[in-house]
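Report on one structure; see the data block that follows.
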């Protein structure tokens with residue numbers, strides 16, 4: 001079993017829909033990161049959080065430490081949101097452990 | 001300001017040759033990370049540098065892989081006697097610090113390595 005599990009693996013949405021991507025992990029962590037990777041593009045850090053909730057524009061990330069679960073929400077989705085979204089956890093050390101990613105496609 | 005830069009952006013090499021990949025972190029960032037993303041696979045950690053401390057090499061897949069960071073800034077990842085399974089995108093990231101506190105990591109554009 002992977003230490004970091006993401007769901008769904010693939011997601012197709014219609015423009016304007018509310019999107020949720022889930023991440024569960026099995027180890028103790030000091031922080032959780034949500035990353036975005038566009039096709040052929042680099043990786044951008046969207047959020048780093050260790051508790052509660054963060055919001056940036058149309059993106060919201062939440063984490064429940066007790067349940068070892070985090071969600072990334074996209075409100076009013078747009079085709080430009082199409083990308084791979086990656087959950088990564090920082091264990092009590094230096095390295096990030098990554099989920100397999102969720103491929104999101106938003107259709108207009 | 002300038003972000004993390006990596007060079008070359010693409011590298012094609014023959015099996016058995018050595019390659020060097022370079023990373024220039026954001027100025028002032030003391031922590032530097034190397035990751036690998038193989039085709040159809042997720043990201044995996046390779047090595048981490050923090051200041052003058054000994055690097056965390058726990059992610060290096062074999063002794064053909066090594067990395068150094070000179071002067072606490074530029075880093076070079078070296079792969080000796082490349083194999084086809086080394087083909088991947090090699091990503092570098094930097095952050096202001098690490099250790100007891102967690103900081104956001106800023107990723108470079110990556111170097112796509114193809115071993116023929």
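The values are calculated or read from the model by the stated rules, or taken from the named source; none is laboratory data. Everything quoted here is computed from the prediction, not taken from an experiment. With ideal geometry, Cβ positions are generated from the backbone for all residues, glycine too; neighbour counts draw on all protein chains shown.
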TODO: Could you tell me which of the residues B:28, B:40, B:59, B:16 is closer than 18 Å to residue A:33 by Cβ and part of a loop (DSSP other than H, G, I, E, B)?
DONE: B:59
- [ ] Go through the residues of the range A:18-35 one by one and say whether even a single one is within 13 Å of another protein chain (Cβ to nearest Cβ), on the phi > 0 side of the Ramachandran plot, crowded, with 21+ Cβ neighbours inside 10 Å and touching a residue at least 24 places away in the same chain (Cβ under 8 Å).
- [x] no
Open item on the list: surrounded by 13 or more Cβ atoms within 10 Å (Cβ to Cβ), within 25 Å of residue A:85 (Cα to Cα), more than 14 Å from chain A (Cβ to nearest Cβ) and under 13 Å from the mean Cα position of the chain (by Cα): which single residue out of B:113, B:21, B:43, B:32 fits that description?
Closed with: B:113
Task: Members of the range A:66-108 that are without any contact (Cβ under 8 Å) to a residue 24 or more places away in the chain and within 14 Å of chain B (Cβ to nearest Cβ) - done: A:93, A:94, A:95
TODO: Identify all residues within the range B:65-87 that are on the phi > 0 side of the Ramachandran plot and either part of a strand (DSSP E or B) or modelled with pLDDT of 90 or more (or both); write none if there are none.
DONE: B:81
